[in-house]
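Visitor: Here it is: the structure, laid out below.
The values are calculated or read from the model by the stated rules, or taken from the named source; none is laboratory data. Bear in mind that the values here come from a model prediction, so they are computed numbers and not experimental data. Methodologically, a virtual Cβ is constructed for each residue, glycine included, from the backbone with ideal geometry; neighbour enumeration extends over all protein chains shown.
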Amino acid sequence: MLTCAPETVRSFVDDGVCERFTTRLHDDLDSGVWDQRFGRLRGQAFYEGSLVLVRATPQDNEEQHHERT
């Protein structure tokens, strides 16, 4: 069974998002859709990639006002 481990991605996303992702991935793996799209990655000796996280934090109105003036 696929789950979002609490020490990994789960701390960054809403529970509903995590559940939708794991359900879709599980379905894609069962149906073969994942292998059709990405199966070539299974034969690679390694995969070098990156993870980029973007976090936006709202500013209060006073901070926004000072930035515009």
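Visitor: Within the range 1-22, take every residue that is polar (S, T, N, Q) and in a loop (DSSP other than H, G, I, E, B) and give me the one that is modelled with the highest pLDDT. Can you show your working first?
Guide: Restricting attention to the range 1-22, the residues satisfying the condition of being polar (S, T, N, Q) are 3, 8, 11, 22.
If we keep only those that are in a loop (DSSP other than H, G, I, E, B) as well, we get 3, 8.
Working: T3: 58, T8: 62.
Result: T8.
Visitor: On to the next question. Of the conditions (1) at pLDDT below 85; (2) surrounded by 10 or more Cβ atoms within 10 Å (Cβ to Cβ); (3) among the small types (G, A, S), G39 clears all except one; give me its number.
Guide: Every listed condition holds for G39 apart from (1).
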